[in-house]
Amino acid sequence: MSITVGIPQALLYYKYYPLWEGFLGGLGLEVVTSPATNRRILTAGVEAADNEICLPVKVFYGHVLSLKEKVDLLFIPRVVSVEEDAYTCPKFLGLPDMIRAVGDMPEVLDPIFNFRLGSRRVSRDVYSFAKRFTKHPAKVWRAWRHGVDEQRRYVAKLESGWTPVEVLSGKAPPEAKGDMTIGVVGHPYNIHDEYVSMNLVKRLRKMGARVVTSDMLPHRVVEAEANRLPKKLFWTYEKEIVGSAFYWMRSGTVDGMIYMLSFACGPDSLIQVLLEQEAKREGAPALMPLVIDEHSGEAGLVTRVEAFVDMLAWRLN
Amino acid sequence: MRKANTTGIHLGIDVGSVSTNLVALGEDEEVLASVYLRTQGQPIAAVQRGLIELEAQLEDVPLEVGSVGTTGSARYLSGVIVGADIVKNEITAHAVAASFVVPEVRTVLEIGGQDSKVILLKQGVVVDFAMNTVCAAGTGSFLDHQAARLGIPIEDFGSHALKSSSACQIAGRCSVFAESDMIHKQQMGYRVEDIIYGLCQALVRNYLNNLAKGKEIVAPVVFQGGVAANAGMKRSFEDALKTEVIVPKHYHVMGAIGAALLAKDSIGNGETKFKGFGASSIDYRTSSFNCKGCANNCEIVKIEVEGTVLARWGGRCGKWEVQEVEEEAAV
């Protein structure tokens, strides 16, 4: 019987699942994911996590708890940095420790990904992580390559207009229709977690809007736009948010933008100001921040989204 | 029944958390009748009472209902009850009404029972808006509560504020702290009118610093919603913004006026779905249950008349929403 390893369907799952699944599968492990977020998962996460932490991390706790009895190992990598000169969110660095601190957990696998130190260092860390599962370096290399290939296919699919949920479930997006296009910016784990976002993407499509999200833009575009800031941002994921929003503010390809952010997110609260300043420029598309937390009722979100779509339709007429 | 067209009267119904408002607009979009009621947590009963009162006011008007629109937090529920031609969110409804009354309006300040909004317009088109989030500090409910605590009828709250010669400094960021601040000031012996005016200023400060943060407030400014009745709030806004603040004649039913205007626009030459004023005597029953279909355990609300399900909603997935299923089947 193969060893099972659990990957919580939360946080960086939406960014790197194909890489992780390909890699761990290549090492001979059986990957198990938690189900999509539901009320039980959210409630369990909110109860287990520290009260001050942001909603997506609370959701992560809930997913870990739902996997806990079902797997031999938990895969919670320490993603320090995914590129040179930039870091991920500080909470991601401490994630494995935070989960261990809950107590009574399966063993947590926490390989370090720190691309800031160069890809040679990453390879070394990958090997040292994988050696408990195989003694053959070639097998590790093949497994990693497999993961990287899967990831490349995933990103290509995102750039062709599929959402992460659509790619990972293999369900093609509905045919795009509607007169208006709305850019949804924010962390993928907020936007694409349908429970957390209260189905924002589907809701907008149902109201007759075409929807594009930050993860559908090519990395180089996002990078170039983010570099328009006088000072380089040192958080990779926030750079993606700023870059995509800046791109849409100038490209004329969207009629409006919704920035979905979670209440207790430090980086989000800073980025919000940057985006709002940029949105004041003449001719920029309308920007609506949409804050979510565990107390958010659907009614408030629906009212705002309806009013936003009305506003865009009104302008188009 | 006469075939409905735009020559009839147009009804707008705004069912909010605290008040339920109904208006009837005539052929020239003039307000023929208006009703302002407390919702008292019973939106269906409030709509039914409102319809009775509205019908009574319209006794001498020989016109049929041409269209009806609903808005407010209970817009979907009231839409089912009356047979709405259009169901619109209250932000759009308020913007439409404000630019109807003051066509050149640039800023709408709206403070209702439990929410507040700021809407910015340019040439009659909404360009930006914000609505308060989880916190209800500074809304009508809080003023209501404070008026009751001071033993002053809410209707007189504003005129008391105007008597003030020097306002007290009250913390307006949070209702709970504002209340303890007010009690403290009372115990120290400050005059009630100075405390009340201080409270108005605190609420305006809170509104401008939180809700309207970073938004450029340009005149003409229209102030509407139930709280616009409070002359102390109007004066505080004028002091803070250093510009005239216009309170329209029908400030308390602007959402309903917006809904009626939108209904009139949407109906064209079509026929209204209005169920008639008789909807006030129908026995609507609502019930709710927890769906066991998945781990979400959504609370589904059901509205029935004599065993027939009119509508169901509240689920994360669409499986209980009969209303939509029926509409799709009808197409």
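The values are calculated or read from the model by the stated rules, or taken from the named source; none is laboratory data. Computed from a prediction, not measured in an experiment: that's the story for all the values here. Quick reminder, even Gly has a Cβ in these numbers, built from the backbone with ideal geometry, and neighbours come from all protein chains shown. Only protein heavy atoms, including side chains, enter the accessible area calculation; ligands, DNA and RNA are left aside. Shrake-Rupley method; radii C 1.70, N 1.55, O 1.52, S 1.80 Å.
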Pairs of lysine residues in the stretch A:4-159 - Cα separation under 26 Å, sequence separation of 8 or more or cross-chain
15
Shielding by partners for B:287-295, please: the mean number of other protein chain Cβ atoms within 10 Å of each residue's Cβ.
2
Using a cut-off of 11 Å between beta-carbons, work out the net charge of the residues near A:Met105 (Lys and Arg +1, Asp and Glu -1, A:Met105 not included).
-1
From the C-alpha gyration tensor of the stretch A:165-316, pull out the three semi-axes of the equivalent ellipsoid (sqrt of 5λ each), sorted largest to smallest, in whole Å.
22, 18, 17
Relative contact order of the stretch B:103-247 (C-alpha contacts under 8 Å, at least 6 apart) in percent is 30 percent
Mind jotting down the distance between the C-alpha centroids of the stretch A:288-317 and the stretch A:239-287, whole Å?
15 Å
Need one word for chain B: rounded, prolate or oblate. Basis is the Cα gyration tensor (sqrt eigenvalues a ≥ b ≥ c); a/c below 1.5 gives rounded, then a/b vs b/c decides.
prolate
Mind checking which lysines have their C-alpha under 19 Å from B:Lys273, skipping anything on the same chain fewer than 8 residues away?
B:Lys3, B:Lys88, B:Lys264
Inter-chain shielding metric for B:310-321, i.e. average beta-carbon neighbours from other chains within 10 angstrom, reads 1
Please figure out what share of the DSSP beta bridges in the stretch A:1-127 is antiparallel and state it in percent, rounded to the nearest 5.
10 percent
Whole-Å semi-axes of the protein assembly as shown's equivalent ellipsoid (Cα gyration tensor)
49, 29, 24
In degrees, nearest 10, range 0 to 90: what is the angle between the Cα axis of helix A:119-130 and the longest Cα principal axis of chain A?
50 degrees
Contact order relative to length for chain A, counting C-alpha pairs under 8 Å separated by 6 or more residues, stands in percent at 17 percent
When the helix-only estimate is applied to chain A (DSSP H runs of n ≥ 4, each -39,500 (n - 2.57), divided by the residue count), what is the mean residue ellipticity at 222 nm, nearest 500 deg cm²/dmol?
-15000 deg cm²/dmol
Reach of B:Lys242 by Cα under 30 Å, taken over lysines that are not fewer than 8 positions away in the same chain
A:Lys280, B:Lys117, B:Lys122, B:Lys163, B:Lys185, B:Lys213, B:Lys215, B:Lys234
Under the helix-only model (-39500 (n - 2.57) for each DSSP H run of 4 or more, divided by the residues of chain B), the mean residue ellipticity at 222 nm, to 500 deg cm²/dmol, is -11000 deg cm²/dmol
Tally Lys/Arg at +1 and Asp/Glu at -1 over every other residue whose Cβ is under 13 Å from the Cβ of B:Phe157; what's the total?
0
Could you work out the local net charge near A:Ala284, counting Lys and Arg as +1, Asp and Glu as -1, over the other residues with Cβ closer than 10 Å to its Cβ?
+1
Degrees separating the helix A:137-159 axis from the principal Cα axis of chain A, which is the longest one
10 degrees
What span do the alpha-carbon atoms of chain A cover on each of the three principal axes, reported in whole Å from largest to smallest?
65, 39, 36
Chain A: most fluctuating residue of A:Gly183, A:Gly103, A:Gly28 per GNM, C-alpha cutoff 10 Å
A:Gly103
Across 10 Å bins beginning at 0, the whole-percent shares of Cα-Cα pair distances in the stretch B:1-115 come to 14, 45, 34, 7, 0
In degrees between 0 and 90, to the nearest 10, how far off the longest principal axis of chain A does helix A:236-251 point, with axes built from Cα atoms?
30 degrees
Over what distance in Å are the Cα centres of the stretch B:161-221 and the stretch A:184-233 separated?
39 Å
Express in Å², to the nearest 10, the accessible area of B:Glu155 obtained by rolling a 1.4 Å probe over the protein heavy atoms while all chains stay in place.
140 Å²
The stretch A:96-151-the stretch A:1-80 distance, computed between alpha-carbon centres (Å):
15 Å
Take every Cα-Cα distance within the stretch B:103-247, group them into 10 Å bins from 0 onward, and report for each bin the whole-number percent of pairs it holds.
12, 45, 31, 10, 1
Based on the mean of other Cβ atoms within 10 Å per residue, sort peptides A:165-173, B:11-19 so the most packed one is first.
B:11-19, A:165-173
Just by accessible area at a 1.4 angstrom probe, what is the order of A:Lys232, B:Lys234 from largest to smallest?
A:Lys232, B:Lys234
Cβ-Cβ FRET estimate between A:His136 and A:Phe115, R0 fixed at 30 Å, reported to 0.05:
0.75
Sorted by accessible area (1.4 Å probe), largest first, how do A:His136, A:His146 line up?
A:His136, A:His146
How much length is gained on full extension from A:Leu73 to A:Arg100, taking 0.36 nm per residue of separation minus their Cα-Cα distance?
8.5 nm
To the nearest whole number, what is the average tally of beta carbon atoms from other chains within 10 Å of the beta carbons of peptide B:82-95?
3
